[in-house]
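Read through the structure below, which is laid out as structure tokens, and then see the notes.
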Amino acid sequence: MNLLLERTPSGTTCTIGDLYIDGDWFCFILEDLVREVEGQPVESWKVKGVTAIPAGTYRVQITYSNRFKRDLPLLVGVPGFEGIRIHPGNTDADTEGCLLPGMALGLGGESISRSREAFEALFAKLDAAEDAGEEVEITITNARQM
């Protein structure tokens, strides 16, 4: 299964993107602000707890999260980041680099809504792919204006 997250330019508090599964639009994703400086090491631009992960392609595995006390999708091998998961949430206050799915945009474009609904539908697809032995990857791209 191939996931594609196309980020739009960051707002004042967060970055919103479109998530596609095997080419079909699935939901919105809310993340922290993109601070990435292409060609520079993560340590030079990362602000702990308020920075989106680097653009790139990452394997996705479902593993147990001690923090959330349940199985959640984990992005594997993110440079300069650990424990990057996909989980429900609505604003930048709900993430420290993680990806938050939502079915609708909030007012002003700085939040998402129906996150639990989007997460559960996404989790079901990821879980089924993993159960079928299918490898899951996510490719994250930054908007040109960033």
task = Check off (1) touching a Lys or Arg at 6+ places or on another chain (Cβ under 9 Å); (2) within 15 Å of Arg7 (Cβ to Cβ) for Glu110 and give me the number that stays unchecked.
result = (1)
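Considering each of Gly23, Gly17 in turn, give the residue that is out of contact with any Leu (no Cβ under 7 Å at 6 or more places or on another chain) and at pLDDT 95 or above.
Step by step, each of Gly23, Gly17 is checked, and only Gly23 is out of contact with any Leu (no Cβ under 7 Å at 6 or more places or on another chain) and at pLDDT 95 or above.
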ask   = So which of Phe119, Phe123 is among the aromatic types (Phe, Trp, Tyr) and open to solvent by less than 10 Å² (accessible area, probe 1.4 Å)?
value = Phe119
inquiry  = Quick check on my filter: what residues within the range 40-66 are among the basic types (Lys, Arg) and over 13 Å from Cys98 (Cα atoms)?
reply    = Lys46, Arg59
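Filter the range 103-116 for residues that are open to solvent by less than 70 Å² (accessible area, probe 1.4 Å) and either of a type outside the set (A, V, I, L, M, F, W, C) or under 12 Å from Leu72 (Cα atoms) (or both) and give the result.
Hits for the range 103-116 are Gly106, Gly109, Glu110, Ser111, Ser113, Ser115.
I'd like the full set of residues that are farther than 17 Å from Ser111 by Cβ and of a type in the set (A, V, I, L, M, F, W, C), limited to the range 8-33. Lay out the reasoning, then the answer.
Applying the first criterion (farther than 17 Å from Ser111 by Cβ) to the range 8-33 yields 20-26.
Those that are farther than 17 Å from Ser111 by Cβ and of a type in the set (A, V, I, L, M, F, W, C): Ile21, Trp25, Phe26.
Results for (1) modelled with pLDDT under 95; (2) charged (D, E, K, R); (3) touching a helix residue (DSSP H, G or I) at 6+ places or on another chain (Cβ under 9 Å), shown as yes or no for each residue.
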{"position": "Pro79", "(1), (2), (3)": "no, no, yes"}
{"position": "Gly83", "(1), (2), (3)": "no, no, no"}
{"position": "His87", "(1), (2), (3)": "no, no, yes"}
{"position": "Asn90", "(1), (2), (3)": "no, no, yes"}
{"position": "Asp94", "(1), (2), (3)": "no, yes, yes"}
{"position": "Cys98", "(1), (2), (3)": "no, no, no"}
{"position": "Pro101", "(1), (2), (3)": "no, no, yes"}
{"position": "Gly109", "(1), (2), (3)": "yes, no, no"}
{"position": "Arg116", "(1), (2), (3)": "no, yes, no"}
query = Do you know which of the residues in the range 30-72 that are touching a residue at least 60 places away in the same chain (Cβ under 8 Å) and within 19 Å of Asn90 (Cα to Cα) is surrounded by the most Cβ atoms within 10 Å (Cβ to Cβ)?
reply = Leu30
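The values are calculated or read from the model by the stated rules, or taken from the named source; none is laboratory data. The structure presented is a predicted model; accordingly, all values stated were derived computationally and were not measured. Don't worry about glycine lacking a Cβ; one is built from the backbone with ideal geometry, like all the others, and counts go over all protein chains shown. Heads up: the accessible areas ignore ligands, DNA and RNA and are worked out on the full protein's heavy atoms, side chains in. Shrake-Rupley method; radii C 1.70, N 1.55, O 1.52, S 1.80 Å.
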